[in-house]
Amino acid sequence: MTVQPKGSHFINGAYVEDTAGDAIPVVFAATGDTLATLHAGTPAIIDQALTAAHAAQKDWATWSPRERGRVLTRAAQIMRERNEDLSQLETLDTGKPIQETRVADATSGADALEYFGGLAGSLTGEHIPLGEDWVYTVREPLGVCVGIGAWNYPTQIACWKAAPALACGNAMVFKPSETTPLCALKVAEILIEAGLPKGVFNVVQGMGQTGAQLVTDPRVDKVSLTGSPATGKKVYAAAAAEMKHVTMELGGKSPMIVFDDADIENAVGGAILGNFYSSGQICSNGTRVFVHKSIKEKFLARLAERTAQAVIGDPREDETSIGPMVSEAQMNIVLGYLDKGKADGARLICGGTRLDRDGFYIAPTVFADVTDDMTIAREEIFGPVMAVLDFEDEAEVIARANDTPYGLAAGVFTKDISRAHRVIGQLQAGSCFINSYNDAPVEAPFGGVKASGVGRENSKQAIEHYSQMKSVYVRMGDVEAPF
Ligand code: NDP
């Protein structure tokens, strides 16, 4: 499979290269081999992309919403037809197992394109009667949007941002993470093939500095970031200085609460999905697993048994269920947290080490007897590291679950339906689950509260973050002026 793209950037409907930009190596995380080399956008490239987006947006906004939607649904269809190739590329770019990328990346991107493509034709304003007079509202695009992505779900993030933005008549310049630059280029190619006018969706590669230049450009009206809370604060502040719209999808330290009446197999399954899928590199992961004291040992024993069944290996192989960390740098961050967990006295149930093989592999790790003050219970690790904490009382566990600056997600496992809704109602989190974990259908709003973000992606809610309402008062009679 050829991984090296025809150019590092995709601007105005075509690949563009400028080798004056810093080199961005694409490293296969399972071997450490460099598969391709791209270049960061120079100021000239950034300007080219913004100029193209700014010019193209004006015409795109005049298309009827249904025609815009048709382009997106066509792109969704192409993505599904090419799912196998796109999944293989995503696996090479991120190191995630092919059994995951086949079902959670291009397919999730296609879901977003299809959903917002279908929604486009029904985006309308209101008629507000005021007796003889009336007001009507017009839903208008924001203009040029900048999307900035993290490295864990590159195709999905590009589509989750592009689909609602484009459906509303905006143009976008998207900057992928420098760690995973390949797949957003494929999204751009497919959109053009589906009939998107040149310049409406552009991709510029680069590091944080490129993102910062995009955010502060006066031609940009909105910034949507998926990234860490630290980066989110910087980008939000830069956007606020120019009064730009923002969506911030940031990290978390989400709680998953397992009550004593829970179905243990399902709770263990939820904890595995919410900690080890994508080698734990998922923002909404339930990394603080609160388990009722009376079932703790039973839960841990079953968790250890099932975790031992994980197939750790080459992510290109069908049977592999755990791949490497995305990069050596991320692996080293996670190894640092493993050391902290051990030093703080948490009980290691399984894992806890780097694997003795090529690539950036960490064994799926479970720490038990974790207390609220330990670093591994307070900071986002973004690796396959689960912290299991005990609790005895419902009110106590709710207070402890909420005792975090974050609020992205939360889950509850119990057979008591009243308790499930009562507890979820008190948890400070944007995306919640009952007897499940980490489902993210495009139909549901996704996003966090507190330090985990601002705004929502997906669902009809996303439309509010990519459009604005113009209100028009219509007087039918004479104007009454005081003089
Ligand atoms: P980072 O915050 O390091 O980077 C996110 C993106 O922002 C990257 O493209 C990065 O560029 C760019 N960037 C960095 N600095 C700036 C800046 N000053 N101005 C503009 N852009 C900048 O996150 P990671 O890529 O390490 O991703 C992991 C994080 O993302 C985790 O905290 C995770 O929780 C969060 N995340 C949140 C999700 C959500 O939906 N809530 C989903 C997925 C991840 P580059 O990296 O190329 O230098």
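A short reminder: the numbers here are calculations on the coordinates, not readings from a lab. Predicted model only: the values in this text are computed from it and were never measured. Positions of Cβ are generated from backbone atoms using ideal geometry, with glycine treated the same way; all protein chains shown enter the neighbour counts.
Amide H to amide H distances under 5 Å link residue 285 with no residue, where only residues 5 or more positions off or on other chains count and H is placed in the peptide plane. How large is log10 of I(q)/I(0) for region 409-483 at q = 0.26 Å⁻¹ when the intensity is taken from the Debye formula with one equal scatterer per alpha-carbon? Here log10 of I(q) over I(0) equals -1.20. Computed on region 350-475, the Cα convex hull volume stands at 186 Å³ per residue. So what's the angle, to the nearest 10 degrees on a 0 to 90 scale, between helix 296-307 and the longest Cα principal axis of the chain? With rounding to tens, the tilt is 70 degrees. The angle between the Cα long axis of helix 328-343 and the main principal axis of the chain comes to about 40°, on a 0 to 90 degree scale. Relative to the longest principal Cα axis of the chain, at what angle does helix 229-241 sit, 0 to 90 degrees, rounded to 10? Helix 229-241 sits at roughly 20 degrees to that axis. In region 38-91, Rg over Rh equals 1.13, where Rg is the alpha-carbon radius of gyration and Rh the Kirkwood radius from pairwise Cα distances. Here the ratio of the Cα radius of gyration of the chain to 2.2 N^0.38 Å is 1.02. Give me the log10 of I(q) over I(0) for region 201-266 at q = 0.18, 0.28 Å⁻¹, as the Debye formula computes it from C-alpha points; what are the numbers? Values, matching the q order: -0.68, -1.31. Protection proxy ranking of 16-26, 130-140, by the mean of other Cβ atoms within 10 Å over each peptide's residues and highest first, is 16-26, 130-140. Summed over all non-identical Cα pairs, the Kirkwood treatment of region 107-148 gives a radius of 13.3 Å.
Inverting the pair-averaged 1/r between distinct Cα atoms of region 102-234 gives 15.9 Å as its Kirkwood hydrodynamic radius.
Return the loop-located trypsin sites (Lys or Arg not before Pro) in region 297-387 (DSSP other than H, G, I, E, B) with at most 14 other Cβ atoms within 10 Å of their own Cβ; answer none if there are none. Show your work: numbers first, answer last.
Values: sites: 298, 302, 306, 316, 340, 342, 347, 354, 357, 378; in loops: 316, 357.
Passing sites in region 297-387 are 357.
Look at the Cα gyration tensor of region 21-112: its axes a ≥ b ≥ c give a/c of at least 1.5 with a/b at or below b/c, and that counts as oblate. Computed from the C-beta positions of residue 469 and residue 422 and an R0 of 35 Å, the FRET efficiency is 0.45 to the nearest 0.05. Counting Cα-Cα pairs of region 265-413 in 5 Å increments starting at 0 gives whole-percent bin shares of 2, 10, 21, 24, 21, 14, 6, 3, 1, 0. For region 61-123, pairs of C-alpha atoms spaced more than 14 angstrom apart make up 56 percent of the total.
Calculated over region 355-398, the projected area of the Cα convex hull averaged across directions stands at 3.9 nm². Available extension along the chain between residue 403 and residue 260 is 49.3 nm, counting 0.36 nm per residue and deducting the alpha carbon span.
Provide the percentage of antiparallel DSSP beta bridges, counting only those with both residues in region 104-209; round to the nearest 5. If you can, show how the numbers build up before the last one.
Numbers: 4 of 12 bridges.
In region 104-209, approximately 35 percent of DSSP beta bridges are antiparallel ones.
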